[in-house]
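Novice: Here it is, the structure in full.
The values are calculated or read from the model by the stated rules, or taken from the named source; none is laboratory data. This is a predicted model, so every value here is computed, not measured. We place every Cβ from the backbone using ideal geometry, glycine too, and count neighbours over all the protein chains shown. Ligands, DNA and RNA are excluded from the accessible area calculation, which covers all protein heavy atoms including side chains. Shrake-Rupley method; radii C 1.70, N 1.55, O 1.52, S 1.80 Å.
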Amino acid sequence: MDFDATFLARIQFAFTVSFHIIFPSFTIGLAAFIATLLVRWRMTGQEHLHRLARFWTKIFAVSFAMGVVSGIVLSYEFGTNWSGFSRVVGNVLGPLLGYEVLTAFFLEASFLGIMLFGWNRVPPGLHVTSAVLVAIGTSLSAFWILAANSWMHTPAGHEIRDGIAYPVSWLEIIFNPSFPYRFAHMFTAAFLTTSLVVAAVGARYLLKGRFLEEAKTMLRMGIGMVALLAPLQLFIGDQHGLNTLEHQPAKVAAMEAHWDGSKPADLVLFAWPSETEERNLFEISIPNIASLILTHQLDGRIQGLKDFAPEDRPPVKPVFFAFRVMVGLGLLMIAAGLVGAFLWWRGRLFETRWFLYPLSLSWPAGFIAILAGWWVTETGRQPWLAHGILRTADAASPVSAGAVLTTLILFVIVYSVVFSMGVYYINRLIEKGPIGAAVKTSEGVPSRPLSAAEEAAHEAIEGTR
């Protein structure tokens with residue numbers, strides 16, 4: 001493999017965007033979860049909901065900050081490593097990213113301070129409203145980013161003049177053919193990721209016999225969302241796959257490691273795709289099932305990889321294996337949600353340790369599934385950056401391989417340190433748990449007496465501000 005500047009720039013962007021995406025995907029769902037807790041608290045007056053909201057807001061603050069910092073790097077990479085990309089499609093994508101700043105980021109920036117520091121400092125109604133608006137802002141951010149990304153896969157509403165894309169219809173650009181499926185798929189994945197983290201923390205507390213009231217609330221809300229969304233995600237993913245088959249058949253062929261389009265496609269459970277031999281080694285498959293899924297006919301035909309010139313095919317192995325990781329984890333989420341819902345229905349959810357223990361370890365599953373799905377989407381688009389408009393090889397900046405390699409190494413070092421510190425700090429917050437967050441009356445006195453441990457923790461938390 002030739003490690004030229006373009007390839008190294010691809011590796012650098014893949015690394016930085018993979019690091020970045022796990023934080024927005026978490027905070028999108030977490031902001032909605034916090035807002036839900038606060039709305040429920042205002043409606044019911046249950047103080048443990050307020051403590052839970054304050055506890056998860058601290059984790060949200062750390063994750064949000066890491067997401068913002070890691071996201072800034074990406075915008076600079078467009079100019080330093082991908083100047084051709086900015087030149088050809090900047091007229092379309094630039095405004096979309098600008099809309100994200102003008103709507104989502106400004107909304108978040110306006111109310112994030114109130115959400116983070118308004119506890120017992122502003123009227124409860126204003127504080128709850130700020131949390132709801134921050135949740136709306138994170139969702140708007142996902143809307144614009146996915147509109148831009150989807151356009152790169154299924155461009156629409158533009159015209160090409162002298163090799164440059166110019167917008168013609170913003171409605172067609174935003175709501176391009178793959179956007180509804182991609183947005184629904186990613187948005188659901190974000191909520192699933194947060195739900196698994198919340199359920200895992202609740203299970204962890206129950207196993208240790210700590211914060212039982214809060215743990216039961218987290219487990220009920222987390223499992224309820226997983227039981228609802230995981231099966232729904234299977235349907236959304238199927239529709240997204242059919243849309244991809246229509247617009248990016250080479251990607252689907254790589255996902256299925258389907259080489260020969262003259263015969264029905266088998267559902268390949270495992271194989272080692274050989275791009276040099278144009279076949280699968282060590283294949284374990286179920287005949288015709290991929291055709292049934294994709295065409296709804298056992299003898300249906302889809303294009304195979306051999307139907308595309310080698311230079312027009314995406315890398316098969318990473319797409320093939322990442323797709324199976326995503327689907328496998330999705331099926332495990334469905335199983336976890338259904339088993340949890342059954343135990344909840346039978347009244348044994350909080351005592352069944354054989355379920356709680358693996359659930360307490362399941363928090364990374366959503367992040368891994370999102371990364372795997374992202375790699376399928378972006379690697380499967382190759383050799384195009386903007387499908388049918390701009391090839392990756394034509395988008396790179398005229399920089400040396402040494403310069404890109406140096407910055408890549410620095411990114412790996414810095415991001416590894418930052419990520420490790422962030423995870424360590426979040427784990428410490430989880431270990432401390434939802435303490436020291438009693439709701440105060442208008443006179444500033446807690447609405448219930450605090451224990452000595454809670455009072456000490458409360459003073460320590462206040463002292464760190």
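Novice: With the condition kept exactly as written, say whether any residue in the range 135-145 is without any contact (Cβ under 8 Å) to a residue 24 or more places away in the chain and within 22 Å of the chain's Cα centre (by Cα). Write out each step before concluding.
Specialist: From the range 135-145, those without any contact (Cβ under 8 Å) to a residue 24 or more places away in the chain are none; that's our starting set.
Checked the range 135-145: no residue is without any contact (Cβ under 8 Å) to a residue 24 or more places away in the chain and within 22 Å of the chain's Cα centre (by Cα).
Novice: Is at least one residue of the range 39-46 buried (at least 21 other Cβ atoms within 10 Å of the Cβ) and part of a helix (DSSP H, G or I)?
Specialist: Filtering the range 39-46 down to residues buried (at least 21 other Cβ atoms within 10 Å of the Cβ) leaves none.
No: the range 39-46 contains no residue that is buried (at least 21 other Cβ atoms within 10 Å of the Cβ) and part of a helix (DSSP H, G or I).
Novice: Also: I'm trying to understand the selection: among the residues of the range 229-241, which are in contact (Cβ under 8 Å) with a residue 12 or more places away in the chain and under 17 Å from MET186 (Cβ atoms)? It would help to see each step written out before you state the result.
Specialist: At the first step, the residues of the range 229-241 found to be in contact (Cβ under 8 Å) with a residue 12 or more places away in the chain are 229-234, 236-241.
Once the filter is applied, which keeps residues that are in contact (Cβ under 8 Å) with a residue 12 or more places away in the chain and under 17 Å from MET186 (Cβ atoms), the range 229-241 yields LEU229, ALA230, LEU232, GLN233, LEU234, ILE236, GLY237, ASP238, GLN239, HIS240, GLY241.
Novice: Based on this model, can you work out whether ALA253 counts as over 30 Å from LYS306 (Cβ atoms), open to solvent by less than 60 Å² (accessible area, probe 1.4 Å) and among the small types (Gly, Ala, Ser)? Even if it seems obvious, please write down each step before you answer.
Specialist: Numbers: over 30 Å from LYS306 (Cβ atoms): no; open to solvent by less than 60 Å² (accessible area, probe 1.4 Å): yes; among the small types (Gly, Ala, Ser): yes.
Criteria not met by ALA253.
Table: residues versus (1) assigned to a helix (DSSP H, G or I); (2) in contact with a strand residue (DSSP E or B) (Cβ under 9 Å, 6 or more places away or on another chain).
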{"position": "PHE3", "(1), (2)": "no, no"}
{"position": "THR16", "(1), (2)": "yes, no"}
{"position": "ILE28", "(1), (2)": "yes, no"}
{"position": "ILE34", "(1), (2)": "yes, no"}
{"position": "PHE55", "(1), (2)": "yes, no"}
{"position": "ILE59", "(1), (2)": "yes, no"}
{"position": "VAL62", "(1), (2)": "yes, no"}
{"position": "ILE72", "(1), (2)": "yes, no"}
{"position": "PHE85", "(1), (2)": "yes, yes"}
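Novice: Could you check the range 104-129 and list, in sequence order, the residues that are open to solvent by 50 Å² or more (accessible area, probe 1.4 Å), part of a helix (DSSP H, G or I) and in contact (Cβ under 8 Å) with a residue 40 or more places away in the chain?
Specialist: PHE117, PRO124
Novice: Tell me the residue from VAL132, VAL101 that is aliphatic (A, V, I, L, M), part of a helix (DSSP H, G or I) and under 30 Å from ARG210 (Cα atoms), please. Give the steps one after another, and end with the answer.
Specialist: Details: VAL101 fails: under 30 Å from ARG210 (Cα atoms).
Among VAL132, VAL101, only VAL132 is aliphatic (A, V, I, L, M), part of a helix (DSSP H, G or I) and under 30 Å from ARG210 (Cα atoms).
Novice: Residues of the range 146-180 being open to solvent by less than 30 Å² (accessible area, probe 1.4 Å), over 18 Å from the mean Cα position of the chain (by Cα), free of Cβ contacts under 8 Å to residues at least 40 places away in the same chain and closer than 27 Å to PHE23 by Cβ, which ones?
Specialist: The answer is ASN176, and nothing else.
Novice: With LYS432, LYS440 as the choices, which residue is at pLDDT below 90, over 30 Å from ILE11 (Cα atoms), surrounded by 10 or more Cβ atoms within 10 Å (Cβ to Cβ) and touching a strand residue (DSSP E or B) at 6+ places or on another chain (Cβ under 9 Å)?
Specialist: Going through LYS432, LYS440 in turn, just one is at pLDDT below 90, over 30 Å from ILE11 (Cα atoms), surrounded by 10 or more Cβ atoms within 10 Å (Cβ to Cβ) and touching a strand residue (DSSP E or B) at 6+ places or on another chain (Cβ under 9 Å): LYS440.
Novice: So which of PHE211, PHE183 is crowded, with 17+ Cβ neighbours inside 10 Å and more than 30 Å from ILE389 (Cβ to Cβ)? Full working, then the answer.
Specialist: Numbers: PHE183 fails: more than 30 Å from ILE389 (Cβ to Cβ).
Unique residue meeting the criteria: PHE211.
Novice: Hey, can you tell me all the residues within the range 187-211 that are without any contact (Cβ under 8 Å) to a residue 60 or more places away in the chain and in a helix (DSSP H, G or I)? Can you show your working first?
Specialist: Step one: list which residues in the range 187-211 are without any contact (Cβ under 8 Å) to a residue 60 or more places away in the chain, which gives 188, 202, 208-209.
Listed by number, the residues that qualify are THR188, GLY202, LYS208.
Novice: Are there any helices (runs of 4 or more DSSP H) wholly within the range 314-412 with 1 or more residues that are aromatic (Phe, Trp, Tyr) and within 24 Å of LEU267 (Cβ to Cβ), and if so which?
Specialist: On the way: elements: 316-345, 353-360, 365-379.
In the range 314-412, 316-345, 365-379 are the helices (runs of 4 or more DSSP H) which contain 1 or more residues that are aromatic (Phe, Trp, Tyr) and within 24 Å of LEU267 (Cβ to Cβ).
Novice: Do you know which residues across the range 72-125 are among the hydroxyl-bearing types (Ser, Thr, Tyr) and either at pLDDT 90 or above or farther than 30 Å from LEU405 by Cα (or both)? Please lay out each step first, then the result.
Specialist: Applying the first criterion (among the hydroxyl-bearing types (Ser, Thr, Tyr)) to the range 72-125 yields 75-76, 80, 83, 86, 99, 103, 110.
The answer is TYR99, THR103, SER110.
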